[in-house]
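Take a look at the structure below.
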Amino acid sequence: MPLAINWQWDRFSALYYEGIIAPTGYYDKNALSTGRNIWTFDHILSLTWQLPADNELSTTLGYMNNLKNHATGYSSGDEVHFDYMLGHYFNPALAMGVAGSHYHQVTADHAPSGILATTPSEASSIGPVLLFTPRFIERDITVSVKWLHEYQAQGRIAQDYLVCRVFFAF
């Protein structure tokens with residue numbers, strides 16, 4: 001995330017940032033791989049409302065530009081994702097809630113001749129989320145753990161995700 005702009009108004013905040021996803025994970029063009037071997041640029045706008053009774057609603061809208069896999073010449077289509085989280089804060093350091101998303105591929109894949117291009121895919125997900133923000137060396141560190149179960153998947157196999165993120169300012 002090389003660039004982020006944040007606005008705060010009373011109990012509402014907006015965050016715009018550019019996400020860069022590097023081609024990580026194992027990749028072999030002749031075998032089943034865990035990585036996609038592509039660079040992705042994710043243009044993201046997140047909105048958060050601090051609701052009454054220590055509740056929060058966060059939404060994120062992102063548009064992902066996928067670049068070409070140079071090992072195969074295959075170009076994945078662009079993608080749109082909408083993510084949400086509705087949570088309750090038991091105290092300033094602990095929150096639980098429900099998270100989910102909807103994903104849709106908006107442009108077709110392009111493949112060199114001889115390679116079958118996939119059809120555009122789509123899926124939704126939902127699951128529990130836990131946020132914990134302890135203080136460590138005079139700084140807040142937020143740990144987010146969520147499990148997402150996909151449903152209504154089209155053009156792909158439905159998956160389950162366990163996502164753990166750590167956020168801290170330095």
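Quick look at the numbers
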item	result
Residues that are closer than 23 Å to D83 by Cα and either touching a Phe, Trp or Tyr at 6+ places or on another chain (Cβ under 7 Å) or crowded, with 17+ Cβ neighbours inside 10 Å (or both), drawn from region 131-142	L131, T133, I141, T142
N55 vs. criteria touching a strand residue (DSSP E or B) at 6+ places or on another chain (Cβ under 8 Å), of a type outside the set (A, V, I, L, M), more than 19 Å from D109 (Cβ to Cβ) and at pLDDT below 95	no
Conditions (1) among the small types (G, A, S); (2) under 17 Å from the mean Cα position of the chain (by Cα); (3) not in a loop (DSSP other than H, G, I, E, B); number of the one not met by G77	(3)
Looking only at region 87-130, and only at residues there that are without any contact (Cβ under 8 Å) to a residue 24 or more places away in the chain and within 17 Å of R156 (Cα to Cα), the one that is surrounded by the fewest Cβ atoms within 10 Å (Cβ to Cβ)	L116
Residue, surrounded by the fewest Cβ atoms within 10 Å (Cβ to Cβ), within region 1-28, restricted to residues that are closer than 17 Å to G62 by Cα and of a type in the set (F, W, Y)	Y16
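The values are calculated or read from the model by the stated rules, or taken from the named source; none is laboratory data. Given the structure is predicted, the values throughout are model-derived calculations rather than measurements. We place every Cβ from the backbone using ideal geometry, glycine too, and count neighbours over all the protein chains shown.
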